[in-house]
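*Asks:* If you scroll down you'll find the structure; I have some questions about it.
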Amino acid sequence: MSSFSSAHRLTPGPVDLTAIDPADHPAYDGTKAEGELALAALGPDLAELQERLYANKASGRSVLLVLQGMDTSGKGGVLEHTVGLVSPAGVRVTSFKAPTEEEKQHDFLWRIEKALPSAGIIGVFDRSHYEDVLIAKVRAFADKAEIERRYEAITAFERRLADSGTTIVKCMLHISADEQKERLLARLEDPAKHWKFNPGDIDERELWPAYRAAYEIALERTHTEAAAWHVIPSDRKWYRNLAIGHLLLDALRGMDLEWPTADFDVEEQKRRLADEVPVR
């Protein structure tokens, strides 16, 4: 377990997000510039381990990175700067928006099951099944009994997923209300970023305390040994990216994958190439 995992992995029990500083960087003492270089330095190891995972598809192993957080907390930034360090051929990103009419006809996990990474793949959920116990709770899209059922359904689902060979890395991107305000203002001040702005984000800010409470309950109820939560301080974008890079590296290293053994005679194939008649 890296220092980043130790610093940000939740411990069992009640969660108090107000006790976690969104601007903190406890696992790294360097500057922003040094942190960005440190993230880039992870690239070769991440890329090699991801290729090993892809090469070992027959093992049935995969990784699921869950990114959950308030608007502007940096899910897209993690995808670009951290997940972007590995080959896109071995990554599947799914962004979960409001459910479609078809999806509403099924249990909330139906669309999640369809998006799970196949063997050898790193799957990334940009928002996830946790929307169904966060916004659904805050906006009362589901009643109390249903929300309670969903906590239990999520833990059972993730335990089954882990048992089937998927390593789950869950990250709550913890941002302050003040930092979110600055990021929303930055989008409004730059015409090139207007497409990122949603007026509804300001409406959601009015419910900040309710969302914080919903997150605290969800984190507590779904933090398990099979699928542990990490709360990542996200006011500093560079630290957020670096921390998740280390968590992803931990997950891949923890699989202890070797390169697959050739199912053919290597020396024979070398001789065949050596004896080959030149192509004209």
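The values are calculated or read from the model by the stated rules, or taken from the named source; none is laboratory data. Just so it is clear, the model here is predicted, and its values are computed rather than measured. In this analysis, Cβ positions are derived from the backbone assuming ideal geometry, glycine residues included, and neighbour counts consider all displayed protein chains. Surface accessibility is based on the protein's heavy atoms, side chains included, excluding ligands, DNA and RNA. Shrake-Rupley method; radii C 1.70, N 1.55, O 1.52, S 1.80 Å.
*Asks:* For every other residue with a beta carbon closer than 14 angstrom to the beta carbon of PRO117, add +1 if it is Lys or Arg and -1 if Asp or Glu, then tell me the sum.
*Replies:* +1
*Asks:* When only Cα pairs under 8 Å and 6 or more residues apart are kept, what is the percent relative contact order across the chain?
*Replies:* Worked out over the chain, it gives 35 percent.
*Asks:* Could you give the dipole magnitude of the chain about its Cα centre, charging the beta-carbon of Lys and Arg +1 and that of Asp and Glu -1, in debye to the nearest 20?
*Replies:* Values: 36 positive and 47 negative charges, 78 e Å.
Computed charge dipole of the chain: roughly 380 debye.
*Asks:* Compute from the Cα atoms of region 53-168 the Rg and the Dmax, the latter being the longest Cα-Cα distance, and quote both in angstrom.
*Replies:* Every Cα atom of region 53-168 included, Rg and Dmax give 15.0, 45 Å.
*Asks:* Roughly how many Å² is the accessible area per residue of region 26-123, as a whole number, for a 1.4 Å probe?
*Replies:* With all protein chains present, region 26-123 gives 48 Å² per residue.
*Asks:* Next up: Would you mind checking the radius of gyration and Dmax of the chain based on alpha-carbon positions, in Å?
*Replies:* Spelled out, the Cα radius of gyration and Dmax of the chain are 21.1, 74 Å.
*Asks:* Nearest-5 percent of antiparallel DSSP beta bridges in the chain?
*Replies:* Percent antiparallel among DSSP bridges in the chain is about 5.
*Asks:* Another one. At 37 °C and 0.692 mPa s, what whole-number value in µm²/s does Stokes-Einstein give for the translational diffusion of region 2-53, with Rh from the Kirkwood sum over Cα pairs?
*Replies:* In µm²/s, the coefficient is 242.
*Asks:* Only helical DSSP H runs with n ≥ 4 go in: add -39500 (n - 2.57) per run for the chain, normalise by residue count and round the 222 nm mean residue ellipticity to 500 deg cm²/dmol.
*Replies:* Mean residue ellipticity at 222 nm (helix-derived): -14000 deg cm²/dmol.
*Asks:* Continuing with this model, one more query. For the chain, give the percent of accessible area contributed by carbon and sulfur heavy atoms, probe 1.4 Å, rounded to a whole number.
*Replies:* Carbon with sulfur: 52 percent of the solvent-accessible area.
*Asks:* While we're on this one: Given an 8 Å cut-off on Cα distances and at least 6 residues of separation, report the relative contact order of region 84-187 as a percent.
*Replies:* Once normalised by length, the contact order is 22 percent.
*Asks:* Separation between the ALA145 and ILE202 pseudo-spin-labels, each 7 Å from Cα along Cα→Cβ, expressed in nm?
*Replies:* For the pair ALA145/ILE202, the computed spacing is 4.0 nm.
*Asks:* Quick one: among ASP163, ASP190, ASP178, which has the greatest mean-square fluctuation in a GNM of the chain with alpha-carbon springs under 10 angstrom?
*Replies:* Maximum fluctuation in the GNM of the chain, among the listed residues, is at ASP190.
*Asks:* Of LEU79, PRO22, THR155, whose Cα points farthest to the positive end of the dipole of region 18-160 (charges on the beta-carbon: +1 Lys, Arg; -1 Asp, Glu; origin at the Cα centre)?
*Replies:* Positive-most Cα among the choices belongs to THR155.
*Asks:* Here's a follow-up. Does region 218-262 come out rounded, prolate or oblate, given a ≥ b ≥ c as the square roots of the eigenvalues of its C-alpha gyration tensor, rounded meaning a/c under 1.5 and, failing that, prolate meaning a/b above b/c?
*Replies:* oblate
*Asks:* Right, next: With a ≥ b ≥ c the root eigenvalues of the C-alpha gyration tensor of region 1-88, is it rounded (a/c under 1.5), prolate (a/b larger than b/c) or oblate?
*Replies:* Taking the square roots of the gyration eigenvalues as a ≥ b ≥ c, region 1-88 is prolate.
*Asks:* Using a Gaussian network model of the chain whose springs link C-alpha atoms within less than 10 Å, name the residue from PHE264, PHE108, PHE141 with the highest mean-square fluctuation.
*Replies:* PHE264
*Asks:* Longest span of the chain, sites excluded, free of GluC sites (Glu not before Pro) in DSSP loop with at most 16 other C-beta atoms within 10 Å? Can you show the working numbers first?
*Replies:* Values: sites that count: GLU206, GLU225, GLU258, GLU276.
With a cap of 16 other Cβ atoms within 10 Å, the longest stretch comes to 1-205.
*Asks:* Something else: Let's test the formula: R0 of 45 Å, r as the Cβ-Cβ distance of ALA33 and LYS104. What FRET efficiency results, to the nearest 0.05?
*Replies:* With a Förster radius of 45 Å, E is 0.45.
*Asks:* Choose one answer from LEU188, LEU173, LEU42: the residue with the largest mean-square fluctuation in a GNM of the chain with alpha-carbon springs under 10 Å.
*Replies:* Comparing LEU188, LEU173, LEU42 in a Gaussian network model of the chain, the most mobile one is LEU188.
*Asks:* Starting from the Cα gyration tensor of region 178-244, take the square roots of the eigenvalues, sort them a ≥ b ≥ c, and report rounded, prolate or oblate (rounded when a/c is under 1.5, otherwise prolate if a/b is larger than b/c, else oblate). Don't jump to the answer; show the numbers that get you there.
*Replies:* Values: a/c = 2.87, a/b = 1.59, b/c = 1.80.
The shape class here is oblate.
*Asks:* Can you tell me the accessible area per residue over region 173-260, all protein chains present, probe 1.4 angstrom, in square angstrom?
*Replies:* Heavy-atom accessible area per residue stands at 48 Å².
*Asks:* Which cross-chain or sequence-distant (5 or more) residues have an amide H under 5 Å from the amide H of THR166, H modelled 1.01 Å from N in plane?
*Replies:* SER62
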